[in-house]
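Here is the structure we will look at, set down as structure tokens.
The values are calculated or read from the model by the stated rules, or taken from the named source; none is laboratory data. All of these numbers come straight from a predicted model, not from anything done at the bench. Here the Cβ positions follow ideal geometry from the backbone for every residue, glycine too, while neighbour counts run over all protein chains shown.
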Amino acid sequence: MKINIKDVLYRIRPFFILYLVVLCVCLIIKFLYTREEIYYAVNGLNSSWADAIAPYITDIGDGVTAITLSVVVALFSYRKALLLASSYAVTSIVAQILKYIFDAPRPKTYFAHDLSHIHFVKGVYILLLHSFPSGHTVSIFSATVVITYLSKNKGWGVPALLVALLVGYSRMYLSQHFFEDVMAGSVIGVIVTVFWLSWLDGKQFIHSSKWNKGLIKTLGK
């Protein structure tokens, strides 16, 4: 079965079209405002209820979530689980390589001289280095691309994108990343995953009956 990049983009079209619109808006914001202005604008919009839910939202983009979801999906389809888990692995490797190449300081290090004016959420451990790109954002955008790709109802791509955007925003809200870290993370998550799906899902073996059943059916025999 031959699948190319156009096929993947067509299957995620509601997600991808809306994502391009959001990305264009983000690029305009980045063009009009400085890193500091964007950071302080996000950091200044804090509240007790947002402090309470932001850590939970950000955990959606954690690797544990991606692995757990892959295990659950494997109960029903080895193919879908492989696409989800391998996309997470590939995009995470790319993100980690870039993190060490750029070795960018995170907000707490960048603003070390002015921490008294910054709002930090109590109980959240703030990282100091390897800010660019945002790994959580890479992971959640990769996962939402795969989920949209595999869903029969492509309309699910819209709420999936909203979840991804919330995770990205939470990374800024928690002072773990800058705006450009999150924006780049989304681009990496989407582009790398689209290329990966076009390659892996185009392989003959993954469409065999063996790979299209899950652990439940296997154990049921």
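Take the residues in the stretch 159-178 that are touching a Phe, Trp or Tyr at 6+ places or on another chain (Cβ under 7 Å) and part of a helix (DSSP H, G or I); name whichever of them is nearest to Asp51 (Cα to Cα).
Filtering the stretch 159-178 down to residues touching a Phe, Trp or Tyr at 6+ places or on another chain (Cβ under 7 Å) leaves 160-161, 164, 172, 175, 178.
Restricting the remaining residues to those that are part of a helix (DSSP H, G or I) gives 160-161, 164, 172.
Values: Ala160: 22, Leu161: 22, Ala164: 18, Met172: 12 Å.
That would be Met172.
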- Task: Note down all Cβ pairs under 6 Å where the first residue falls in the stretch 8-30 and is under 19 Å from Trp196 (Cα atoms), the second is among the hydroxyl-bearing types (Ser, Thr, Tyr) and in a helix (DSSP H, G or I), and they're at least six residues apart or on different chains.
- Result: Val8/Ser198; Arg11/Tyr149; Ile12/Thr148; Ile12/Tyr149; Phe15/Thr148
- Task: Mind counting the residues in the stretch 31-44 that are loosely packed, with under 12 Cβ neighbours inside 10 Å, of a type in the set (S, T, N, Q) and in contact (Cβ under 8 Å) with a residue 12 or more places away in the chain?
- Result: 0
- Message: Looking only at the stretch 196-214, filter to residues that are surrounded by 16 or more Cβ atoms within 10 Å (Cβ to Cβ) and part of a loop (DSSP other than H, G, I, E, B); which one of those is nearest to the chain's Cα centre (by Cα)?
- Response: Asp201
- Exactly one of His119, His113, His136, His130 is assigned to a helix (DSSP H, G or I) and in contact with a helix residue (DSSP H, G or I) (Cβ under 6 Å, 6 or more places away or on another chain), and that residue is His136
- Message: Exactly one condition in (1) within 30 Å of Ser208 (Cβ to Cβ); (2) touching a residue at least 24 places away in the same chain (Cβ under 8 Å); (3) in contact with a Leu (Cβ under 6 Å, 6 or more places away or on another chain) is false for Ser70; which is it?
- Response: (2)
- Item | Leu166 being in contact (Cβ under 8 Å) with a residue 40 or more places away in the chain and in contact with a Lys or Arg (Cβ under 7 Å, 6 or more places away or on another chain) | no
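Quick one: which residue in Ala52, Ala81 is part of a helix (DSSP H, G or I) and either of a type in the set (Asp, Glu) or over 23 Å from Ile188 (Cα atoms) (or both)?
Ala52
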- Query: Counting only residues that are part of a helix (DSSP H, G or I) and at pLDDT below 95, which one in the stretch 55-66 is surrounded by the most Cβ atoms within 10 Å (Cβ to Cβ)?
  - Reply: Ala66
